[in-house]
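The values are calculated or read from the model by the stated rules, or taken from the named source; none is laboratory data. Quantities reported herein were computed from a predicted structural model and do not represent experimental measurements. Please note: Cβ atoms are built from the backbone with ideal geometry, for glycine as well, and neighbour counts cover all protein chains shown. Surface accessibility is based on the protein's heavy atoms, side chains included, excluding ligands, DNA and RNA. Shrake-Rupley method; radii C 1.70, N 1.55, O 1.52, S 1.80 Å.
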Amino acid sequence: MDKNIETVLSYVNIVEEISGFVKLKKTGRNYTGLCPFHSEKTPSFSVNETKGLYYCFGCGKGGNVITFLKEIRGDSFSDIVDYLKNKYNIPVEYTKFRKTDSSSQAENPVKKIINLAVNFYYENLFVYISNSRHIMNYLNERGINVDVAKDFKLGYAGFGNGLTALLKSVKADLDIAADMGLLVKKDDYNKVYADRFVNKLIIPIMDRTGEPIALASRIITRERDQLSNNFPKYINTNNSEIFVKNNTLYGLDKALPFIKKENAVIVVEGYFDMITLYANGIKNIVATMGTALSKNHISSLSRLCDEIVLLYDGDKAGINAINRGMELFREFMDSSDKNIYAACLSGGEDPDTYVRKFGSENLIKLINESKKPPVEFAIDYYVEKNKKSGIIKNNEESRLKSKISVIKDVVPYFKKIGNNIIFSHYVNILANKLGLNENVIRRYIESNKSWIGTGNTDYSLDTAYEISIKEDMGIEDIIVSKIFCNLVLTEYISDDIISEFSDKDAVYIIKEIQNAVKKGASQEIIKGAVEEIISGTVNADKWKRIYYSGLMSENSGNREDFKKLLMKLKVNNIDKICRDILEAIKSGNLDEKGKVIKFQELNRLKYISKEFQKKICGY
Ligand SMILES: [Zn+2]
């Protein structure tokens, strides 16, 4: 490994860096959390602070802090080194990476173009104020002052083709800008382009580090009155290599430190809900960008904090969002240590108007009083729905029917509950709401019982690790894993012992390491080459997992234990031969003389095996 990179790594705390993306908990020697690279509900992502390594036992991703940031931010190697160097004030030169790395941020055309566009629109709003006074008025009406607008880098797209001209002047690729949805191509043959956004309010969308990745445009109110109601209020730039709308949460860059501080996040539906609440002091807040809440949204938030509150508008769209969200809640409600709540504002208010009328303290109070776990939300929702649709009537029979219909609606939510106490809790709530005896409800649910008992079982990281070890690691795997921890151990592996191995990968790995040792390579160099050796095996994923398992645990690679493992390998092989001989004797295909010879062989092998066993156990 390059010396400069080693210096960088020695300055950086991997736990601190990864904590920006994953909520880590100290468990034993390591830190664990929900893996950001695959979807999971129980943590199998592990970080070793002293070794500066992370590894996911679920999907097999692992490496050091640079690998992590590179993967999660999608930035180039040199960008990450840049970022770390500046953040930790690390005194290294690394110019050689700059030259060889072509994907650095400054050269990524998509990033460059979106940066130019965001700054262009921002200047339009704040430098040429006379042209954009109507935008400022509009923002003021919504309670957004100049400071807040600047903080969120809001902008104005005026009339004309200013952005097209700017991009041309810096020789940006206009086709890419058109693909991104910033320009429109008027004439394919002559390559004539024009600005896509005209007289619009511009809301830039940042990634969680505060870098622009896309933008949204909004029609100004006066213009909207002249358009049909179906015309969308907001238009986004297109998905690109740096922007996927359904995965992005608006405002996460600003909210991130507050989400961690509060260990909770509030999710709203609109840009202005997010901006207004943030400006009014509710800072642990993000918004879905006019899209439905997605599984990705919830899983990325559940990695950052323990409580997620989904705050919906009280109007019809809000109720519809809850209806859509139900499926998602069901998926997530069984994860034991995350609390997901839904809260709904009544009377047609949205969070933006509510906070401006009544203030942030009242909104927080309202959220805390009205937030409910999804099952309870579902119960109330379906009770209300049945009331509204007039099913709950005054005669006894139809009332009972409507109650049964509520139970039918909520049974799917009960299905996901894996815990008996929680199950009873909600049966009790449902019974009270419907004025029915608990046992009646219980009996009804149990008559649809096929799913009971299929609830989630607790599955801790330790057991996941244990199982992965037990399931996949035979004696040969364990021997190789010890070698990974202490390369010198290959000294004990003679050609005689090599012949005991049946796994070709294991033999390959051992021989490669032995060759390197023979050539006089230092431990450090061989360590650096191990991943490369692994990539040459047939079952590289498995070996990589074993390699990291060893690194993450404090596996010592003790010599005496290792010698015993080698003897155990011999014993196992002898035992296998013994079993084969026994099979042959039992088969009845041998004459008496043949049987006697086989018995003698068997006794000899059993003796050797016993001697080895004695050595292994020490008696
Ligand atoms: Zn993973």
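Work out from phi, with θ = phi - 60° and the Karplus expression 6.51 cos²θ - 1.76 cosθ + 1.60, the ³J(HN,Hα) of each residue of the stretch 429-439, listed in order in whole Hz, and give x for Gly and Pro.
4, 4, 4, 5, 5, 9, x, 10, 6, 3, 5
If I model a spin label at Asn140 and Glu123 as a point 7 Å from the Cα along the Cα→Cβ vector, what separation in nanometres do I get?
2.6
Rounded to the nearest 0.05, what FRET efficiency do Asn131 and Glu6 have when you use their Cβ-Cβ distance and R0 = 60 Å?
For Asn131 and Glu6, the calculated efficiency is 0.65.
How high is the FRET efficiency from Ser502 to Lys593, r the C-beta distance, R0 22 Å, rounded to 0.05?
Computed FRET efficiency for Ser502 and Lys593 comes out at 0.10.
Can you give the FRET efficiency to the nearest 0.05 for Val184 and Asp147, using r as the Cβ-Cβ distance and R₀ = 41 Å?
0.75
Give me the percent of accessible area attributable to carbon and sulfur for the stretch 108-243, probe 1.4 angstrom.
48
Classify the stretch 571-616 as rounded, prolate or oblate, taking a ≥ b ≥ c as the square roots of the eigenvalues of its Cα gyration tensor: rounded when a/c is under 1.5, otherwise prolate if a/b is larger than b/c and oblate if not.
Oblate is the answer for the stretch 571-616, as a/c is 1.5 or above yet b/c matches or exceeds a/b.
Once you list every other residue whose beta carbon is under 11 Å from the beta carbon of Ile235, what net charge do they have if Lys and Arg are +1 and Asp and Glu are -1?
Net of charged neighbours comes to +4.
First compute the accessible area of the stretch 1-50 with a 1.4 Å probe, then give the percent of it belonging to carbon and sulfur atoms.
Solvent-exposed carbon and sulfur of the stretch 1-50 make up 47 percent of the total.
List the residues whose amide H sits under 5 Å from the amide H of Tyr341, counting only those 5 or more places along or on another chain, with H placed 1.01 Å from N in the peptide plane.
Answer set, sorted by chain and number: Ile308, Val309, Leu310.
So if each residue of separation counts as 0.36 nm, and I subtract the Cα-Cα distance between Asp575 and Glu532, what length gain in nm does that give?
Result for the pair: 12.0 nm of gain on full extension.
Contour minus end-to-end for Lys606 and Glu384, with contour as 0.36 nm per residue of separation and end-to-end as the Cα-Cα distance?
72.3 nm
Give the accessible surface of the stretch 491-619 per residue, rounded to a whole number of Å², with probe radius 1.4 Å and ligands, DNA and RNA excluded.
63
In the structure displayed, which of Lys70/Lys112; Lys150/Lys233; Lys70/Lys518; Lys112/Lys168; Lys519/Lys568 lie more than 24 Å apart, Cα to Cα?
Checking Cα-Cα distances, Lys70/Lys518; Lys519/Lys568 exceed 24 Å.
Could you sort the peptides 586-598, 63-75 by per-residue average Cβ neighbour count (10 Å cutoff), highest mean leading?
Peptide ranking by packing, descending: 63-75, 586-598.
Once you place label points 7 Å from the Cα toward the Cβ at Lys87 and Asn339, how far apart are they in nm?
Here the modelled spin labels are 3.0 nm apart.
Take Asp561 and Ala540, extend 7 Å from each Cα along the Cα→Cβ direction, and tell me the distance between the two endpoints in nm.
With each label placed 7 Å out from Cα toward Cβ, I get 3.0 nm.
Quick check: residue separation of Ser19 and Leu166 times 0.36 nm, minus the Cα distance between them. What number comes out in nm?
Gain on stretching Ser19 to Leu166: 49.0 nm.
Using θ = phi - 60° and the Karplus relation 6.51 cos²θ - 1.76 cosθ + 1.60, list the HN-Hα couplings for the stretch 30-46 in order, rounded to whole Hz, with x at every Gly or Pro.
9, 9, 10, x, 7, 4, x, 9, 9, 7, 8, 10, 10, x, 10, 9, 10
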